[in-house]
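Student: Below you will find the structure I want to go over with you.
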Amino acid sequence: MRAHVVTFGCQMNEYDSHALQSELAAAGYSFVDDYREADLVLVNTCAVRGKPVEKVQTLLGELRKEKRRRRDLTVGLLGCLAQLPEGRRMGEKFAVDIMLGPGAITEIVPAVERGKYRSFEFRSELQFYSPPPPSGAVSAHLTIMRGCNHRCTYCIVPATRGPEVSRPAADIIAEARALEDAGVVEVTLLGQNVNSYGMAEGTGARRRGLSGYPSFAELLRMVGRVGIPRVRFVTSHPVNFDDRIIEAIADTPAVCRYIHLPVQSGSNRVLKRMAREYTVEFYLDRVRRIRELLPDATISTDIIAGFPGETDEDFEETLALYREVRYDAAYMFIYSEREGTPAALHFGDVPREIKVERLGRLVDLSKEVSLERNRAWVGREVEVLVRGPADEGGLLVQGHTRGNHVAIVRGYLSPGIHRVVVAEATPNRLYCKTDASQSFGSDARLYQLTSKP
Ligand code: SAM
Ligand code: SF4
């Protein structure tokens, strides 16, 4: 039997798709790149914004046509969207055979055996499930916890992924060791809020730890000792990003000094309406501490433009915060109303043209700041994890630095870790050479002229 898996959304979904593929492979499935050649098509979905939901809908439309041509084709709608009323309606409309929520993915084999199957449970065995290492990969994900206890008013994740559940540390370490044995040189620890790993129910800075679990800071040190040269983690919530975590990063050479610390807004009024549980002052104190203990760390963030009720003044405060922190990179989103969230139920949306205009100003600022930050790396030696040929072709390979900059290196370097020298910088790329005497030549400029911003 041949399967094809389509993955939308975040790294946790990629990890879950890898788990699904591992289960299917053990049950005898092989995998094909073209869904027209598959007997089983699984769509692992994201529901965090309207855009990925629209993409799923388009794909399900195509799969319905394919099903009409081939009656034996089985289609599954999995993941976050499947868990929601919106997804269930879509599943019915497009006549999908299997629907599994993100907490029920371990049921995939019985589901395909039965042909018609639905489960939206958060199954406890997922807490103890470890997929085998991906074959031939230099980089891998490792989910350390699932779900989210926060209730950010814009966010659908607590509804799709349920409350926080941490995996046992011994399982995480065993999985990290298996990844190292398989040749993985970079592991990214995943969770919606990894900083609250091993904590009891609730939220906030003073949460108790669960007995038998290390704190996230301790877990970082433990994973750092496994021997994988690069350890990363996403996502951090500012409320739980305490000094012990910063100290663990400073003390553990394997842990990359790259911190993704979503702020969402630079206005206290908006942060309160978002129920983010911190103030701008609290956030800036976390950044100050990072800069003190990890002066060479890169910091990125998530920002939502046009949250309901956001005024011009609020937005100016976000721009001011951006200038103050001087982020290396940012993931910026237009607010997208999600059915059933408190923001959708209680707040009126900002007109789209205002949201688009604000996003545009934010993107312009981020490019200006990133260019300034990236130029500071020119002439310095950096470590790049090369993944393969660069997207734009030529005699170039592509990878990323420990600080998570996209790096383009001139020459044929094999996948793996290399030391190179930064020759030129753009807002979203570092152009590197393998020895200091080499010049990057015209490729960087040509690429800058032809690439999309
Ligand atoms: N757990 C992480 C956190 O607390 O920052 C991130 C989870 S969420 C999947 C990733 C990002 O999507 C968020 O940081 C937020 O910026 C963005 N996001 C979530 N809901 C959104 C919405 N309704 N509209 C626009 N962006 C949204
Ligand atoms: Fe969503 Fe907030 Fe939880 Fe992040 S912390 S997943 S933004 S509810």
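Student: Do you know which residues across segment 107-126 are modelled with pLDDT under 95 and not in a loop (DSSP other than H, G, I, E, B)?
Tutor: S124, E125, L126
Student: Please pick out the residue among A159, A111 that is of a type in the set (A, V, I, L, M) and within 16 Å of ligand 2 (Cβ to nearest atom).
Tutor: Only one candidate qualifies: A159.
Student: Among the residues that make up segment 202-217, is at least one of them at negative phi, modelled with pLDDT of 95 or more, out of contact with any Leu (no Cβ under 9 Å at 6 or more places or on another chain) and not in a loop (DSSP other than H, G, I, E, B)?
Tutor: yes
Student: Which condition number does L179 fail, the rest of (1) at pLDDT below 95; (2) within 26 Å of H418 (Cα to Cα) being met?
Tutor: Of the numbered conditions (1) at pLDDT below 95; (2) within 26 Å of H418 (Cα to Cα), the odd one out for L179 is (1).
Student: Restricting attention to segment 227-263, which residues are more than 11 Å from ligand 1 (Cβ to nearest atom) and either assigned to a strand (DSSP E or B) or not assigned by TED's automatic domain parsing to the domain that holds G191 (or both)?
Tutor: R230, V231, R232, F233, V255, Y258, I259
Student: Ok, one more. Answer yes or no as to whether V350 is modelled with pLDDT of 95 or more, farther than 20 Å from V157 by Cβ, hydrophobic (A, V, I, L, M, F, W, C) and not assigned by TED's automatic domain parsing to the domain that holds G403.
Tutor: Here the answer is no, as V350 does not meet what is asked.
Student: Looking only at residues that are small (G, A, S) and part of a helix (DSSP H, G or I) in segment 346-399, which one is farthest from the chain's Cα centre (by Cα)?
Tutor: If we take residues in segment 346-399 being small (G, A, S) and part of a helix (DSSP H, G or I), then G360 is farthest from the chain's Cα centre (by Cα).
Student: Is it the case, given these coordinates, that R373 is among the basic types (K, R), over 27 Å from M90 (Cβ atoms) and crowded, with 17+ Cβ neighbours inside 10 Å?
Tutor: yes
Student: Filter segment 25-76 down to the residues that are in a loop (DSSP other than H, G, I, E, B), modelled with pLDDT of 95 or more, more than 26 Å from the chain's Cα centre (by Cα) and on the phi < 0 side of the Ramachandran plot and list them by number.
Tutor: A27, Y29, A38, D39, L73
Student: Go over the candidates Y278, Y322 one by one and state the one that is of a type in the set (S, T, Y) and assigned to a loop (DSSP other than H, G, I, E, B).
Tutor: Y278
Student: Please work out which one of (1) more than 16 Å from ligand 1 (Cβ to nearest atom); (2) farther than 19 Å from S22 by Cβ; (3) out of contact with any Pro (no Cβ under 6 Å at 6 or more places or on another chain) is the condition I156 fails and give its number.
Tutor: Just one mismatch for I156, condition (1).
Student: Are any of the residues in segment 134-157 part of a helix (DSSP H, G or I), at pLDDT 95 or above and either among the polar types (S, T, N, Q) or surrounded by 15 or more Cβ atoms within 10 Å (Cβ to Cβ) (or both)? Steps first, answer last, please.
Tutor: We begin by selecting, within segment 134-157, every residue part of a helix (DSSP H, G or I); these are 157.
Applying the additional criterion that residues be at pLDDT 95 or above yields 157.
Restricting the remaining residues to those that are either among the polar types (S, T, N, Q) or surrounded by 15 or more Cβ atoms within 10 Å (Cβ to Cβ) (or both) gives 157.
Yes: segment 134-157 contains one or more residues that are part of a helix (DSSP H, G or I), at pLDDT 95 or above and either among the polar types (S, T, N, Q) or surrounded by 15 or more Cβ atoms within 10 Å (Cβ to Cβ) (or both).
Student: Could you tell me whether D16 is buried (at least 22 other Cβ atoms within 10 Å of the Cβ) and either touching a Phe, Trp or Tyr at 6+ places or on another chain (Cβ under 7 Å) or in contact (Cβ under 8 Å) with a residue 12 or more places away in the chain (or both)?
Tutor: The answer is yes for D16.
The values are calculated or read from the model by the stated rules, or taken from the named source; none is laboratory data. None of these values were measured; they are calculated from a predicted model. With ideal geometry, Cβ positions are generated from the backbone for all residues, glycine too; neighbour counts draw on all protein chains shown.
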